[in-house]
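The values are calculated or read from the model by the stated rules, or taken from the named source; none is laboratory data. What you are looking at is a predicted structure, and each value in this text was computed from that prediction instead of being measured. Here the Cβ positions follow ideal geometry from the backbone for every residue, glycine too, while neighbour counts run over all protein chains shown. Keep in mind that these areas ignore ligands, DNA and RNA; they rest on the heavy atoms of the full protein, side chains included. Shrake-Rupley method; radii C 1.70, N 1.55, O 1.52, S 1.80 Å.
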Amino acid sequence: MALLPILRYPDPRLKKVATPVTQFDDKLAKLTQDMAETMYAAPGVGLAATQVDVHKRVIVIDVSEESNKLMVFINPEIIQTSAECKSYDEGCLSVPGFYEAVERPATVKVRAQDVKGEFFEMECDELLAVCIQHEMDHLNGKVFVEYLSQLKQTRIKTKLKKREKEEQA
Ligand code: QAP
Ligand code: CO
């Protein structure tokens, strides 16, 4: 197991579109374990491979209260969305310290593969629905900040760049 470094917004590598997983091998299993360890250590509730600079369609999520229900989604697709939308104050391990309201469909049905390549479907609501949509955006090169006004995006970028400089000093 290993902790992986997390890319920070506005790193241009967060804009890369991830490619589908075709090999369900030990290397994929190790990646999902390392991603889970990195997410739990943060601590966070979701992490996309894009955030650890691996541009494959892999997501780990654990929205359980005791952080003991790890979910792995490989090559996820949203096959159904509710018309109803809900707003949620989202955060992101790549945008530490910032939480902003984002509106998304309240429930989604997801089809994905597990670490062995088996297909499964899952109805997602509440925090899980928010999280899976947020993480799938990462696989498509999108960070939640992009849903905000230009003014808010600029403010967040400026503050994160300033913080990075202070950390280097
Ligand atoms: C995505 O985000 C998410 O700012 C997962 O300082 C978030 O795990 C989906 C975190 C909210 C739905 C709702 C953020 C940790 C963790 C921070 C996370 C921070 C430390 C974010
Ligand atoms: Co994120």
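General remarks:
- When 34, 89, 62 are checked against the criterion of being charged (D, E, K, R), within 11 Å of ligand 1 (Cβ to nearest atom) and surrounded by 15 or more Cβ atoms within 10 Å (Cβ to Cβ), a single residue qualifies: 62.
- Just one of (1) of a type in the set (Gly, Ala, Ser); (2) buried (at least 16 other Cβ atoms within 10 Å of the Cβ); (3) touching a Leu at 6+ places or on another chain (Cβ under 9 Å) fails for residue 129. It is (3).
- Subset of region 38-51 (residues that are in a helix (DSSP H, G or I) and surrounded by fewer than 21 Cβ atoms within 10 Å (Cβ to Cβ)): 40, 41
- Neighbours by Cβ (under 6 Å, 6+ apart or cross-chain): first from region 92-103, in contact (Cβ under 8 Å) with a residue 12 or more places away in the chain and within 15 Å of residue 138 (Cα to Cα); second among the polar types (S, T, N, Q) and open to solvent by less than 60 Å² (accessible area, probe 1.4 Å): 94/51
- For region 9-19, a tally of residues being within 16 Å of ligand 1 (Cβ to nearest atom) and either open to solvent by 80 Å² or more (accessible area, probe 1.4 Å) or not in a loop (DSSP other than H, G, I, E, B) (or both) returns 1.
- Scanning region 99-121 for residues that are within 16 Å of ligand 2 (Cβ to nearest atom) and open to solvent by 90 Å² or more (accessible area, probe 1.4 Å) turns up just one, 99.
- Residue count for region 5-51 under the criterion of being more than 16 Å from residue 136 (Cβ to Cβ) and of a type in the set (A, V, I, L, M): the result is 8.
Rundown of residues vs (1) in contact with a Lys or Arg (Cβ under 9 Å, 6 or more places away or on another chain); (2) more than 16 Å from ligand 1 (Cβ to nearest atom), yes/no style:
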position	(1), (2)
21	yes, yes
39	no, no
48	yes, no
70	no, no
95	yes, no
102	no, no
